[in-house]
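The values are calculated or read from the model by the stated rules, or taken from the named source; none is laboratory data. These figures come from a predicted structure and were not determined experimentally. Reconstructed Cβ throughout: ideal geometry from the backbone, glycine too, with neighbour counts over all protein chains shown.
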Amino acid sequence: MRQELVRGLRGRRAAAGVRARARAAGAGLGVAAVLALGACAGQPGAAAVVDGREITSADVAEVRDQLGGVLQGVTSTNVLAVLVQEPVVTELAADRGVAVSDDEARAALTQAVTAAGGEVPELGPASLAVGRYLVATNNLQGLEDAEGVSAELLERVAEQDVEVNPRYGSLDERNTVVAPTPVPWLVAPSADPAAVPTPTPAP
């Protein structure tokens with residue numbers, strides 16, 4: 001689910017002398033010129049609604065703008081997929097005794113941006129959510145019961161009530177956001193989101 005993203009982030013951390021866990025996997029996050037013209041669950045500007053929590057088009061754009069120069073394989077679909085699953089991943093990490101704080105998330109992203117030679121932005125809530133997701137994923141992968149963690153995460157992801165704006169994607173059988181299926185009234189994105197691996201819920 002997160003292989004491309006974590007690979008890119010860890011490469012930046014390595015440049016800064018930060019040791020990465022060898023078993024990391026990540027989400028390919030990214031930029032796609034998808035026009036957010038539509039609504040989700042009757043809420044204008046929503047990219048998705050998860051258990052009543054709205055993820056806006058602005059949230060997706062925030063991650064794209066602030067972290068697009070650091071993360072590999074960025075598409076709007078994969079940004080949304082991570083934002084949809086972040087609360088589940090973060091909660092599971094806390095339940096398993098490897099919780100992640102906003103300060104840890106901010107530090108990880110700051111190191112990545114600095115190592116890439118970029119200027120660290122004032123990270124917004126959506127970008128911090130991506131940072132929590134990455135750190136929590138790494139923490140979960142360090143646990144001995146990796147198989148049990150993966151199964152529990154899959155179960156929790158499946159239990160989410162998710163509605164996705166079709167301009168950003170659709171849901172597969174695992175309740176994971178995947179690239180949008182073309183339909184006549186949608187404007188095709190300038191880059192093919194299907195060319196970038198979409199996140200899967202396994203840590």
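Quick one: Ala146 ticks every box in (1) more than 16 Å from Val70 (Cα to Cα); (2) under 19 Å from the mean Cα position of the chain (by Cα) bar one, so which box is it?
The number of the failed condition is (2).
Which one of the conditions (1) touching a residue at least 60 places away in the same chain (Cβ under 8 Å); (2) in a loop (DSSP other than H, G, I, E, B); (3) acidic (Asp, Glu) does Glu91 fail to meet, given that it meets all the rest?
Only one criterion in (1) touching a residue at least 60 places away in the same chain (Cβ under 8 Å); (2) in a loop (DSSP other than H, G, I, E, B); (3) acidic (Asp, Glu) is unmet by Glu91, namely (2).
Give the residue that is modelled with the lowest pLDDT, with candidates limited to residues of region 56-89 that are more than 10 Å from the chain's Cα centre (by Cα) and among the acidic types (Asp, Glu).
Asp65
Please enumerate the residues belonging to region 116-134 that are touching a residue at least 40 places away in the same chain (Cβ under 8 Å) and not in a loop (DSSP other than H, G, I, E, B).
Here is the first cut: in region 116-134, the residues touching a residue at least 40 places away in the same chain (Cβ under 8 Å) are 116, 118, 121, 123-127, 129-130, 132-134.
Pro125, Ala126, Ser127, Ala129, Val130, Arg132, Tyr133, Leu134, listed by residue number.
Is it the case that some residue within region 125-132 is β-branched (Val, Ile, Thr), out of contact with any Phe, Trp or Tyr (no Cβ under 7 Å at 6 or more places or on another chain) and over 19 Å from Ala158 (Cα atoms)? Even if it seems obvious, please write down each step before you answer.
Quick first cut of region 125-132, residues β-branched (Val, Ile, Thr) only: 130.
In the following step, the residues that additionally are out of contact with any Phe, Trp or Tyr (no Cβ under 7 Å at 6 or more places or on another chain) were identified as 130.
Right, trim to over 19 Å from Ala158 (Cα atoms) and you get 130.
The answer is yes; a qualifying residue exists.
Working carefully through the options Val113, Val100, find the one that is in a loop (DSSP other than H, G, I, E, B) and either among the aromatic types (Phe, Trp, Tyr) or out of contact with any Pro (no Cβ under 7 Å at 6 or more places or on another chain) (or both). Working first, answer last.
Working: Val113 fails: in a loop (DSSP other than H, G, I, E, B).
That would be Val100, the only listed residue that is in a loop (DSSP other than H, G, I, E, B) and either among the aromatic types (Phe, Trp, Tyr) or out of contact with any Pro (no Cβ under 7 Å at 6 or more places or on another chain) (or both).
So which of Arg21, Arg96, Arg53 ends up being over 24 Å from Gln160 (Cα atoms) and either more than 15 Å from the chain's Cα centre (by Cα) or at pLDDT below 95 (or both)?
Numbers: Arg96 fails: over 24 Å from Gln160 (Cα atoms); Arg53 fails: over 24 Å from Gln160 (Cα atoms).
Residue meeting the stated conditions: Arg21.
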